[in-house]
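Only one structure is covered here, and it is reproduced in the block below.
Computed from the coordinates by the stated procedures, all read-outs in this text should not be read as laboratory data. These numbers were taken from a predicted model, which means no experiment stands behind them. Cβ coordinates were reconstructed from backbone atoms using ideal geometry, including for glycine residues, and neighbour counts include every protein chain displayed.
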Amino acid sequence: MPRWFRMPVWWLLACLLQGCTATPVAPQWQVQGVQRIGHSAGQNAATYLQLGKFYQERGQLELAAGAYAASIALDPRQLGARNAQAVLDARQGRLEQAATALLALVRDYPEAAQPMNNLGYVYYLQGELAQASGMLGRAVARDGGTALARNNLQLVQAAQAMQAAPAVAAAPAALAGIKIINGNGIRGMAAQVRQRVREHGMAVSRLANQPGFRQAHSQILYAPGHARQADALRQVLAQQGPPVQLVAVASLGRGAGIRLILGHDQA
């Protein structure tokens, strides 16, 4: 049993309170043996779920997975930690495992939009566009069409349209320069990624650092008209790292089309 499981829960809670407030795991997006934990005072599923989020926000993914496993051990049927662990698996490239876990959640919680949205996005990452579209459509219907589910559905629909479009379709839009932002503080990482991107014929306009280096998960932000180029960048990055989330935005500022923010999941 890991050492931190044996620590008093008041100590774990103190760690949570002394750090930044944990934020919900973004839907958007390893199998470990479930360990039995004694039900001593204060040790409950919600405590370990929050601890897992605390670790995940700081890029301590092994500790986050352990905390989620502890939460699931205490409440095997819950939605929260099961969903969080599946998202963690997906972010680390274990797409089949994530899809299996999320499909079970959709069956157990047929009215919950969050696992539907996450499963739809995992299907998209796997290239299963028809399944992704159907699942994301269900998510939109359940949650009233929140921005995240709608953006993911639009992304899938754009990919389906590109598959159906003939090769002689309209000329491609002008390529955007890619701005790479180091959000994890690892020295030289933005330059390394720039080299990888350039080797695939993509232009990088500039490099920058994110103040505080607190980006937990890498993201590709893209403005209207640049969805195809953003998806091509995502595929390049997936060759040597975990999947990167695509985020459609209304604008990235004058002359900007794509922004890649490197998070702690790229460490």
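Counting only other residues whose beta carbon sits under 11 Å from that of Arg194, what net charge do I get with K and R as +1, D and E as -1?
So the environment of Arg194 carries a net charge of +3.
Count neighbours as other Cβ atoms within 10 Å of each site's Cβ, and list the trypsin sites (Lys or Arg not before Pro) in segment 216-263 that are DSSP loop with at most 16 such neighbours.
Those that pass, being in a loop and sparsely packed, are Arg254.
With charges only on Cβ, +1 for K and R and -1 for D and E, what is the dipole size of segment 104-230 about its Cα centre, in debye, rounded to 20?
Its charge dipole is roughly 520 debye.
Sort Ser205, Ser133, Ser218 so the one with the fewest other Cβ atoms within 10 Å of its own Cβ comes first.
Ser205, Ser133, Ser218
Please list, by residue number, every one of the trypsin sites (Lys or Arg not before Pro) in segment 68-144 that is coil in DSSP and has at most 13 other beta-carbon atoms within 10 Å.
Sparse-neighbourhood loop trypsin sites (Lys or Arg not before Pro): Arg77.
State to the nearest 20 debye the size of the charge dipole of segment 178-266 about its Cα centre, where the only charges are +1 on K and R beta carbons and -1 on D and E beta carbons.
260 debye
Please give me, ordered by residue number, the trypsin sites (Lys or Arg not before Pro) of segment 186-224 that lie in loop per DSSP and have at most 12 other Cβ atoms within 10 Å.
In loop regions of segment 186-224 (DSSP not H, G, I, E or B), the sparsely surrounded trypsin sites (Lys or Arg not before Pro) are Arg187.
What Kirkwood hydrodynamic radius do you get for segment 178-266 when you take the inverse of the mean 1/r over all pairs of distinct Cα atoms, in Å?
Over segment 178-266, the inverse of the mean reciprocal pair distance is 12.8 Å.
Report the relative contact order of segment 112-267, percent, no decimals, based on alpha-carbon pairs under 8 angstrom and at least 6 residues apart. Walk me through the intermediate numbers first.
On the way: 249 pairs, mean separation 35.7, N = 156.
Once divided by the residue count of segment 112-267, the mean separation gives 23 percent.
List, largest first, the extents of the alpha carbons of segment 121-163 along their principal axes, each in whole Å.
Projected onto its principal axes, the Cα set of segment 121-163 covers 28, 15, 12 Å.
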